[in-house]
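What follows draws every value from the coordinates through simple rules; no lab data is involved. Since the model is a prediction, treat every value here as computed from it, not as a measurement. In this analysis, Cβ positions are derived from the backbone assuming ideal geometry, glycine residues included, and neighbour counts consider all displayed protein chains.
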Amino acid sequence: MSNLPPSFAKHLRSLSQPRRKPEPGGGLEAALRKAKEHHDRGEIKQAETLCMAILSKDPGNAQALLLAGSLAHGIDDVGLALEFYRRAVERQPNSAHMNIVIASAYAEAKEYDKAILHFQRALKLKGETVPTLGALGRAYTAAGMPEQALPLFDRALKLQSDHPALRYDHATALIALGRMDEAAKLLRESIERGYRVSACYRALVDTRKFVDGQGELDEILSCLNVTGRARRETVELNHAAGKIFNDIGRFEQAIDHFQASKIAAGHGFDIDTFRLRVDNLIASFTPDLIKAKSDLGNESELPVFIVGMPRSGTTLTEQICASHPAVYGAGELAKLGMVAHSAGYVQAPNGSILKTPQALTHDEARAMAAEYLGFLKSRSPSAARIVDKMPHNFQYVGLIALLFPNAKVIHCTRDPIDNSISCFFNTFNDKHGYNTDLRTLGLYYREYHRLMQHWYKLLPGRIYQCNYETMIADQEAESRRLIDFLGLPWDEACLRFYETDRAVTTPSRWQVRQPIYKSSVKRWKKYEHRIQPLIEALGDLAVV
């Protein structure tokens with residue numbers, strides 16, 4: 001995450017101030033054209049300077065606000081971008097383009113309800129177009145409402161049957177609903193047409209567990225022999241090959257392809273900076289701080305936070321909880337991080353904390369909590385508990401304790417070696433750069449573990465540890481303890497979590513539709529001689 005340019009932050013604060021009357025003349029239009037030219041050429045500082053000058057004279061200039069949003073987007077601050085986009089749309093609410101821009105930003109921020117609203121508005125303003133129908137369908141799928149996405153993809157395909165992405169997007173919605181055979185059919189159709197072939201193979205291998213590698217595997221390996229592929233295609237094809245090899249028990253070939261996928265992804269990660277980040281969190285969140293600010297937050301018991309490493313059983317745990325009639329599983333929400341970022345409680349790229357929790361005031365804490373709760377309630381107004389299953393919220397446990405003293409925090413754990421290789425065997429985006437190589441992954445796991453141990457000591461009794469191996473060994477007993485921790489009466493539906501009719505969009509979407517199985521326990525033994533850098537990096541956390 002880049003530091004915010006001071007001029008952006010200053011102007012953002014000024015957006016709520018009384019508006020100046022725009023100056024007459026055509027000078028602003030010429031300046032805006034010049035700012036856009038700078039932006040298009042990648043001359044960001046010049047574009048920013050001109051854009052801020054325009055907005056100082058005409059704070060309601062919709063095109064300048066749109067450009068400011070794009071500049072904020074370019075420094076990876078979606079929350080700030082949305083502030084500018086909202087102002088732009090207020091000025092030109094009937095612009096289909098502006099509604100699509102802000103809808104896309106909301107979708108990136110995982111505020112899907114607002115994304116859906118603006119995509120729908122764009123469709124009304126512009127009529128049905130394939131790109132907007134597809135974008136709305138993807139937003140519905142990501143929001144956990146894939147059944148509402150399906151007719152949109154049908155309509156889009158009628159408009160353009162040979163669109164290169166629609167069958168893939170349609171299949172993704174079907175996979176989220178557990179309709180794997182139908183999804184596989186669409187993916188095969190897309191592959192046969194040559195549309196998004198590598199992405200379709202990547203999705204296809206997750207529609208079932210393979211017992212025979214012939215057919216799809218031969219095709220994937222043939223694709224890998226073609227030169228001139230894009231990096232993304234190399235990542236996807238190698239992952240697909242690794243998945244099939246792993247399914248059929250050819251473990252040497254599997255890890256070769258998973259490693260090739262990681263190398264092709266090329267994500268980097270500064271483990272020293274992350275270590276400093278953990279140091280600063282531990283130093284900032286102290287027993288004295290928690291005691292002094294214990295009365296700041298909102299007393300709601302609605303939020304449930306599931307945290308931990310990815311692939312530690314977070315999706316399974318959410319599915320069990322969400323099978324209870326009083327619980328809504330909202331999936332992985334980015335909202336808490338956005339609320340923290342907007343208020344300044346984030347860490348700079350060098351690992352330092354921009355605004356320490358000591359600065360948190362009563363009014364600020366209440367406002368932050370209210371914004372987050374309002375977002376949660378929009379997902380399910382009647383639920384007694386709403387689960388936010390964003391694993392990396394483990395970095396925000398201290399802030400959660402201040403904002404929501406009665407919230408339930410569930411920490412999912414798993415055998416560190418199994419957990420780590422499961423991460424390594426999955427494709428994540430560049431925000432998971434620690435997953436690039438085995439040694440870095442092991443070192444990252446140690447820092448995550450160190451931070452969680454701090455939270456346990458700081459907040460005794462407030463974090464429930466849900467262990468994957470314990471759940472596998474005795475599903476009913478562990479599920480009962482889990483529901484009891486949520487303060488809810490037991491419901492037998494929690495044992496039949498795989499029958500729960502809800503969308504699942506994480507990499508575990510196939511597994512959580514199966515009854516509990518034990519084949520993932522000590523899975524790492526199959527690869528032991530190939531994962532020594534991971535085991536060495538984990539150190540005393542690796543129980544071999």
Rounded to one decimal in nm, the spacing of the 7 Å Cα→Cβ label points at residue 528 and residue 33 is 7.2 nm
The whole-number value in µm²/s of the Stokes-Einstein translational diffusion coefficient for the range 359-434, with Rh from the Kirkwood sum over alpha carbon pairs at 20 °C and 1.002 mPa s, is 142 µm²/s
Bounding extents of the range 132-205 in its principal axis frame from Cα atoms, largest first in Å, are 27, 27, 16
Packing-ranked peptide list from 466-478, 313-325, highest mean Cβ count within 10 angstrom first, is 313-325, 466-478
In whole percents, the bins of 20 Å from zero upward hold the Cα-Cα pairs of the chain as 19, 54, 26, 1
Any residue on another chain or 5+ positions along whose placed amide H is under 5 Å from the amide H of residue 353 is listed here as 348
Pseudo-spin-label distance residue 359 to residue 279, built 7 Å along Cα→Cβ, given in nm, is 2.1 nm
Taking only the alpha carbons of the range 418-487, the radius of gyration and the largest Cα-Cα distance, Dmax, both in angstrom, are 15.2, 41
Burial-style ranking of 257-265, 204-212, 122-130, 63-71, average other-beta-carbon count within 10 Å with highest first, yields 63-71, 257-265, 204-212, 122-130
The range 74-93 scanned against label point 7 Å out from residue 56 along Cα→C-beta; backbone N under 13 Å for none
Taking a crude spin-label model, label points 7 Å out from Cα along the C-beta direction, the residue 543 to residue 288 distance in nm is 3.7 nm
Share of Cα-Cα pairs in the range 374-415 beyond 15 Å, whole percent, is 52 percent
Flagged as over-length at 19 Å C-alpha distance, from 110/431; 408/457; 291/335; 114/355, the pairs are 291/335; 114/355
Any aspartates and glutamates whose Cα falls less than 19 Å from that of residue 34, other than same-chain ones fewer than 8 residues away, would be 23, 43, 48, 58
Looking only at lysines whose Cα falls under 23 Å of residue 209's and that sit 8 or more positions away or on another chain, we get 185, 243, 262, 518, 522, 525, 526
Projected area averaged over all directions for the convex hull of the alpha carbon atoms of the range 201-306, nm², comes out at 11.6 nm²
Between the alpha carbon centres of the range 288-366 and the range 133-169 the gap in Å comes to 32 Å
